[in-house]
Every structure is written in C-alpha cells, then in structure tokens.
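The values are calculated or read from the model by the stated rules, or taken from the named source; none is laboratory data. The structure presented is a predicted model; accordingly, all values stated were derived computationally and were not measured. Cβ sites come from the backbone with ideal geometry, for glycine too, and all protein chains shown count toward neighbours. When the accessible area is computed, the model is the full protein with side chains, heavy atoms only, and any ligands, DNA or RNA have been set aside. Shrake-Rupley method; radii C 1.70, N 1.55, O 1.52, S 1.80 Å.
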Amino acid sequence: KNWKAMLKDPIFYVMILMLSCGAFSGLMVISQASLVAQRMIGMSVVAATTAVSVLALHNTAGRILAGYISDKIGAGNTIIGIFALSAVGLSLLYFSKTGDMALFYVGVSIVGLCFGSIMGVFPGLTALQFGAKNNSVNYGIMFIGFAAAGLFGPMIMSGIYEKSGIYQNAFMVAIFLSAAGILLTLLYKKMFSTSKQ
C-alpha cells in the first residue's frame, strides 16, 4: 500500500499508537536520566553521565537483539514482550531511592533495551503490514508516533517533577502506557490475523 492507502487502513492507527506507547518511556527517561540519577539516587554530575551512557548502550543492543528475536517469534509477540519488560524496568525506577544505584542501573538498562527494541522492530513491522515497496514513505509517516512520544514524554516527566518534586508519578504514567501498549498489540494481532483471512 502507498501512504494514502495506509492512512485509510484502521490498523495504521493502532500501530502508530503502539509506537507512541513503546517510545514514550525511553524518550521520557533519556531526556532526564542524568537529572533523575542526581535527584533520586544522589549521584554526582559525573556519575550521572554514566547512567546516560549505560542507557545508550542498552538502546543500541536492543535494536539488534529485538530484530533477531522478532525473526524467531514474530513481531507482535516480540512487542508484547518489550512492553512487559519495559513495565518491569519502570517499576524498578519507581522503587529506586537515594543510594539504590544497582536498582537504578538495572531499571535504566531495561528501559534503554526496550526503547531500542521498539525502534528495531517497527520498520520491519511497517513493511510487513503495508508492503516493502513504499516503506520509506510509510515508515516516515508512522514515525510521527515517535515524534509524539518525543514531545509528550519529556514534557510530562518534567511537568510532574516541577509540580510534585518527585519522578515516581511519571514512571507510573509510563507503566500505564506500557500496559496500554500490550492491549494495543493484542488488538493489532487480532486485526492482522483477520486481514489475512
């Protein structure tokens, strides 16, 4: 399908919401990782930059790993696993307190891994759904979901911190969106299955 036909397909709107939910937590945490490390965990500025590097490394690893797993178990199943694992990582961040460096690093690593995984799976998923011929344009439009997450993720996190002085509520929002992502992916799988019959 070309982009016009894609926009007429209801499955596109489910997929763009899936992408937004999947990118939200990663972009939210990336934007404030250093500040979260300093304010929540009590790290120095220098130590907090390490947290950003750890997140970036796991982001890269996720792109490769998820592509491999997706080839083995399918994109839909992989994405459900990504959302579930992301909720675990966000929960670890939610429960992190001053001095909980190990918990914080594990949480940040998982969120980075899941963010990279979503970005690794979605170009192929878009091609699978709408065909490879027009995928450069189609995925460019699908990427609006990423842009929305890039706008609202950091905005919500900084806004919550400014109002409450804590990040925990922002992590809860991201956990909720991970759960919504699972439901959207189940809906996608049902629609994809029906469309192929």
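Across segment 60-170, the mean sequence separation of Cα contacts (distance under 8 Å, 6 or more residues apart), normalised by length, yields a relative contact order of 29 percent.
Could you sort 107-113, 187-193 so that the peptide with the highest average Cβ count within 10 Å comes first and the rest follow in order? Don't jump to the answer; show the numbers that get you there.
Working: 107-113: 24.7, 187-193: 15.4.
My ranking of the peptides, most packed first, is 107-113, 187-193.
Placing ILE11, ILE144, ILE156 in order of accessible area, with the largest value first and a 1.4 Å probe, yields ILE144, ILE156, ILE11.
Straight-line cross-link reach from LYS1 at under 29 Å between alpha-carbon atoms covers these lysines, not counting any fewer than eight positions away in the same chain: LYS72, LYS133, LYS189, LYS190, LYS196.
Taking all protein chains together and rolling a 1.4 Å probe, ARG39 ends up with roughly 110 Å² accessible. Each Cα pair under 8 Å and six or more residues apart adds its sequence gap; the mean of these over the residue count of the chain is a relative contact order of 39 percent. Distant-in-sequence amide contacts of ASP100, defined by a placed amide H-H separation under 5 Å and a gap of 5 or more residues or a different chain, comprise nothing.
Helix-only estimate, please: 222 nm mean residue ellipticity of the chain, summing -39500 (n - 2.57) across DSSP H runs of length 4 or more and dividing by its residues, to the nearest 500.
Computed mean residue ellipticity for the chain: -30000 deg cm²/dmol.
The order of PHE95, PHE12, PHE143, PHE176 by accessible area, most exposed first and with a 1.4 Å probe, is PHE176, PHE95, PHE143, PHE12. Altogether, the Stokes-Einstein calculation at 37 °C and 0.692 mPa s, with the Kirkwood radius of segment 135-193 over Cα pairs as Rh, returns a diffusion coefficient of 245 µm²/s. Between the Cα long axis of helix 101-130 and the first principal axis of the chain there is an angle of about 10°, rounded to the nearest 10. Size of segment 1-59: Rg and Dmax of its alpha carbons, in Å, are 17.6, 52. In the context of the full protein assembly, THR60 retains an accessible surface of approximately 80 Å², using a probe radius of 1.4 Å and ignoring ligands and nucleic acids.
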